[in-house]
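What follows is a short report on a single structure.
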Amino acid sequence: MDTRSRVRLAIALLLVAAPLWGPALDVTGSDYVYRTAEVEVDGGEIAVDAPGFWAGPTDQIACLSALATADQDPGCYLQSRLRDGDVSVDYPGIEAFNGDPTTPRPRYVVFGTAGPVYERTLTYDHANGSFVYGLDRVDPETALGDVALDPERAPSAVGEALDTGEARRNEPLDRVDSGRIYSHEGEYVLVYEDRVSGPLTAQPVTERVFEVAAVLLGALLLFRVGRDTAAA
């Protein structure tokens with residue numbers, strides 16, 4: 001087989017194998033990159049230094065966000081007035097309440113990505129017939145110890161990000177887009193999602209069409225190489 005035929009054979013095999021190597025190029029759609037940032041504790045406050053982190057882990061610590069909470073969650077602005085204080089609220093139709101009110105979730109609040117940690121409180125004032133909401137400052141280590149998740153029970157991408165600082169996946173992880181706090185090697189680490197778009201938008205149908213065309217063209221080249229070799 002001459003050099004020209006060998007080149008054509010290599011190209012043909014490459015085209016036939018397009019369904020195997022094509023998806024690996026990942027030129028369409030978005031990659032989901034999971035990065036980490038240490039949750040630092042200093043002077044009775046916490047701080048998260050992560051430039052790409054915008055949305056807070058609202059099911060662990062409320063209002064932990066660099067976004068303007070007036071747009072995302074107006075309740076964060078309103079609750080910030082309760083720091084180390086409380087407010088009584090009368091709700092129409094509720095004249096009596098039995099039992100202990102359930103504290104709103106999540107239990108802890110941090111306003112912004114740095115500052116003190118507060119615990120939400122809720123009681124019922126039977127004398128005045130009103131609910132009393134408040135925020136009491138708590139020890140950051142205690143709060144983080146309560147909310148931090150075990151990485152052993154997390155998706156593999158989370159473990160990879162904790163070990164290397166970054167993990168990349170083609171599909172998003174459930175409940176990690178807004179950030180999750182984990183306990184890792186004696187520290188508290190935030191794992192958050194940073195979506196990175198590919199050079200082209202996701203077009204799965206177009207990708208399949210190109211793969212089929214590549215396979216057909218490769219098969220045709222293989223046929224011609226085989227025919228020319230046999231004729232020689």
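Throughout, read-outs are computed from the coordinates displayed, never taken from laboratory work. The model shown is predicted, which means the values in this text are computed figures rather than measured ones. Backbone-built Cβ (ideal geometry, glycine too); neighbour counts: all protein chains shown.
Remarks
- Charge tally in the Cβ shell below 12 Å around V147, where Lys, Arg are +1 and Asp, Glu are -1, V147 excluded: -2
- Full extension of the chain between R168 and A114 yields a length gain of 16.7 nm, computed as 0.36 nm times the residue separation minus the alpha carbon distance.
- Rounded to the nearest 20 debye, the dipole size of region 125-191 about its Cα centre is 240 debye, using +1 on the Cβ of Lys and Arg and -1 on the Cβ of Asp and Glu.
- For E45, net neighbour charge (Lys/Arg +1, Asp/Glu -1) across residues whose Cβ lies under 12 Å away: -3
- Around A114: net Lys/Arg minus Asp/Glu count, Cβ-Cβ under 12 Å: -4
- Stretched out straight at 0.36 nm per residue, the stretch from A10 to R175 would grow longer than its current Cα-Cα span by 54.9 nm.
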